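Chemist: Can you read through this structure? Questions will come right after.
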Amino acid sequence: MKKITLLAAITLSVALFSCKSKSANNSSESADTSKPAATQSASPTTATPPAEQGNAPKTYTVTFTPDTAILGKQKEAALKVVPVSATDLSDPDGKSQGIELTFKVSLTNKNKIGGNTIGIAPNDFRLVLDNNTSISQSSGSYFSSEPESTKESEAITYRIPAGAKAKALNLFYDETRATVQVSMQ
């Protein structure tokens with residue numbers, strides 16, 4: 001009986017120690033395998049963000065100076081240029097195809113109630129590039145403002161050719177002209 005009890009105690013302790021050492025080995029192995037896995041997963045993670053950043057379009061900060069211009073023979077139209085975005089256009093190979101500049105214009109009609117409505121046609125505006133060429137808009141539509149009111153245009157978009165930057169924006173209304181300087185960084 002003593003031999004059976006002793007044999008059972010030894011078998012039980014061997015089984016107990018072997019289970020503990022296996023779980024200790026497993027946890028150390030899993031800890032060891034998790035470290036290389038973390039190292040392995042860290043490499044693709046660091047490689048992925050640059051690829052995502054490479055796919056994200058480059059944007060520019062645009063400022064107009066001054067941002068407000070007074071136009072009209074009787075200075076009845078106040079135009080405020082509101083920058084929206086400037087995004088670099090590129091092909092799948094990453095080669096620049098130009099810049100898409102988008103902004104809005106806020107028109108304040110200074111005529112008294114009962115006076116004339118003022119209408120602005122953004123297709124009359126000209127964007128002057130750093131190589132002194134002028135381009136017209138690629139999209140944007142006519143808008144108007146009632147006397148003593150303000151109205152904002154829809155987005156006005158210009159496509160700047162590759163290798164060029166915007167230098168100034170010429171605004172026209174009622175045979176008057178105002179130039180607003182453009183800075184893209």
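Chemist: Checking the structure you have, find out if any residue of region 108-122 is within 30 Å of Asp91 (Cβ to Cβ) and in contact (Cβ under 8 Å) with a residue 24 or more places away in the chain.
Modeler: yes
Chemist: Another question, then. Can you tell me which residues in region 135-182 are assigned to a strand (DSSP E or B), open to solvent by less than 80 Å² (accessible area, probe 1.4 Å) and either among the aliphatic types (A, V, I, L, M) or touching a Phe, Trp or Tyr at 6+ places or on another chain (Cβ under 8 Å) (or both)?
Modeler: If the condition is that a residue be assigned to a strand (DSSP E or B), open to solvent by less than 80 Å² (accessible area, probe 1.4 Å) and either among the aliphatic types (A, V, I, L, M) or touching a Phe, Trp or Tyr at 6+ places or on another chain (Cβ under 8 Å) (or both), then Ile135, Ile156, Ile160, Ala166, Ala168, Leu169, Asn170, Leu171, Phe172, Ala178, Val180, Val182 are the ones that fit.
Chemist: Still on this structure, please answer the following. Check off (1) within 22 Å of the chain's Cα centre (by Cα); (2) surrounded by fewer than 17 Cβ atoms within 10 Å (Cβ to Cβ); (3) not charged (D, E, K, R) for Val81 and give me the number that stays unchecked.
Modeler: (2)
Chemist: Mind checking which residues of region 89-124 are over 25 Å from Thr176 (Cα atoms) and open to solvent by 30 Å² or more (accessible area, probe 1.4 Å)? Even if it seems obvious, please write down each step before you answer.
Modeler: Taking region 89-124 and keeping what is over 25 Å from Thr176 (Cα atoms), we get 89-100.
Result: Leu89, Ser90, Asp91, Pro92, Asp93, Gly94, Lys95, Ser96, Gln97, Glu100.
Chemist: What's the number of the condition Thr39 fails, among (1) loosely packed, with under 10 Cβ neighbours inside 10 Å; (2) at pLDDT 95 or above?
Modeler: Only one criterion is unmet by Thr39, namely (2).
The values are calculated or read from the model by the stated rules, or taken from the named source; none is laboratory data. The structure presented is a predicted model; accordingly, all values stated were derived computationally and were not measured. No Cβ is skipped: glycine too gets one built from the backbone with ideal geometry, and neighbour counts run over all protein chains shown. Protein only, heavy atoms only, side chains kept; ligands, DNA and RNA dropped before computing areas. Shrake-Rupley method; radii C 1.70, N 1.55, O 1.52, S 1.80 Å.
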